[in-house]
Amino acid sequence: MPGDLTLIGFGPDGWGLALARAGLMTLYVSVSAFFCGLMLGTLIAWARVAGNWPLRKLAEIYVTIFRGVPDILVIYLFYFGGRQVVTAVGTALGLPGPFDISGFVSGMLAIGLISAASQSEVLRGAYQAVPKGTIEAGRVSGMTRFTLFRRIIAPQAMVTAVPGMGNQWQSVIKESALVSVTGLVETMRQVSVAAGTTQEHFLFYAAGGVIYLIITTLSDQFFRLAEKRSLRGHEQGGV
Amino acid sequence: MDFDFFAGMFAQLLMGLPLTLNLGILALLGGFSLALALNLMRATRIGNAVASAYVFVFRGTPLLIQIFMIYYGLAGFGFVRQSFFWPFLREPYWCGLLALILNDAAYTSEILRGGLRSVPKGAVEAGRVSGMTRFTVLRRITLPIAIRQALPAYSNEVISILKSTALVSTITLMEVTGIARAAVSETWRAVEIFLCAAVIYLALSLLVTRLSAWVERRLSPWQFGVTP
């Protein structure tokens, strides 16, 4: 019967410490992947908004592919395929094997690339919501492109972008559970191991669920604060 | 380039397509019904709290954990093993499908809620005044408007569920991804095989995108500058 709660505690035969460490790993992978996605997503959004024809098409194809292929397939491709590529390159260079690619790196890259596709859509939408007149006014009054971005585009685009980015962050956290297939010990993996060892499947998967709920709820609060801040100077809100 | 290998691989992977589609379509049908029920529940205070808690839990945790919870977790309870449902909950297919339905319902109910909120009060009042029953108003006024509004967001959810069916390969189901994984462990040609599988999913999602654009056009041609 499930329910020996000392198993998820911090006692001598409790898995508490391992679970807490795994929760931090989930956070670590998610944050790295999110920023990876943010950088690439910004470049893609830029290409789609201001690029020339081939660049725009390329960005469009990228988004279509990464939004149409299952996340787990991309992770498999990076993990198993990455090993294959690293081995091929290593052998060609005459280095002694065996070669391997870490679960963390391949998982982070895979989720980052997937997230970049969605983040670029959010950023593009936010840019397009900026009234054209304000950009023209800034240009007319002699702002450089960087000043224009910093003082006119960014503050206005932020209002639309922050809630969308919050959603993207939430899906990155949930996608990070898929990295467990590479053997990286994050929450999902740790919970599976603990469930297998103790045969208390329900208890440990529930504990894993609670860890994810804590992370998603806390970060939701964070994004709400950010949203409030982005609304400064607008009629409805702001502090 | 090993052309025969690709052709053979595609043929092998396509054998998994019926199961992928089966899971995807049934999950969408079940998820939509449950989502509708969740939204109707929101009319009462307790129902609203229950629906909110449901959405919070199922949207806040990864689908993978939900699948494992149902497949491995439920079997730990004696009363589940003795119940009428055990013959179903013992099968990976039903566990996977159940997890997909429950997960889809949480997302769809939020999409539907957005759609329902966009129904003009006047339209509902007009229906009531002309003597429609509550059910007729729901069927002929509220739902058609709400569904039309929710369609663009819903087509994203359709794609996301088709992609999510890949996760049931972790509980031994042989749909497209499951077959791909088995083939990789036999041949170790990971890149080629996973790329073949990716092409199949990509084709599916492009099909859904085209289909939903067509339905949107059909349902409100005036928004696209077409005179009916």
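Here are a few things to note about the model shown:
- Some residue of the stretch B:117-138 being closer than 24 Å to B:Tyr54 by Cβ, in contact with a helix residue (DSSP H, G or I) (Cβ under 7 Å, 6 or more places away or on another chain), more than 14 Å from chain A (Cβ to nearest Cβ) and part of a helix (DSSP H, G or I): no
- Annotation: A:Gly183 fulfils all but one of (1) at the interface with another protein chain (Cβ under 8 Å from one of its Cβ atoms); (2) touching a Gly at 6+ places or on another chain (Cβ under 8 Å); (3) touching a residue at least 40 places away in the same chain (Cβ under 8 Å); (4) small (Gly, Ala, Ser); the unmet one is (1).
- For A:Ile101, the conditions (1) in a helix (DSSP H, G or I); (2) within 27 Å of B:Leu195 (Cα to Cα); (3) aliphatic (A, V, I, L, M) all hold with the exception of (1).
- From the options B:Ala203, B:Ala166, residue that is at the interface with chain A (Cβ under 10 Å from one of its Cβ atoms) and in contact with a Ser or Thr (Cβ under 8 Å, 6 or more places away or on another chain): B:Ala166
- Test: residue in the stretch B:144-159 that is in a loop (DSSP other than H, G, I, E, B), more than 8 Å from every other protein chain (Cβ to nearest Cβ), polar (S, T, N, Q) and in contact with a Gly (Cβ under 8 Å, 6 or more places away or on another chain): no
- Flag if A:Thr64 is more than 7 Å from chain B (Cβ to nearest Cβ), farther than 16 Å from A:Ser106 by Cα, surrounded by fewer than 20 Cβ atoms within 10 Å (Cβ to Cβ) and in contact (Cβ under 8 Å) with a residue 24 or more places away in the chain: no
- Any hit, the stretch A:15-29, residues being outside any helix (DSSP H, G or I) and of a type in the set (A, V, I, L, M): no
- Residues of the stretch B:32-81 that turn out to be within 14 Å of chain A (Cβ to nearest Cβ) and in a helix (DSSP H, G or I), as a count: 27
- B:Ile145 vs. criteria at pLDDT below 90 and under 22 Å from B:Phe32 (Cα atoms): yes
The values are calculated or read from the model by the stated rules, or taken from the named source; none is laboratory data. Source: prediction; values computed, not measured. Positions of Cβ are backbone-derived with ideal geometry, glycine not excepted, and every protein chain shown enters the neighbour counts.
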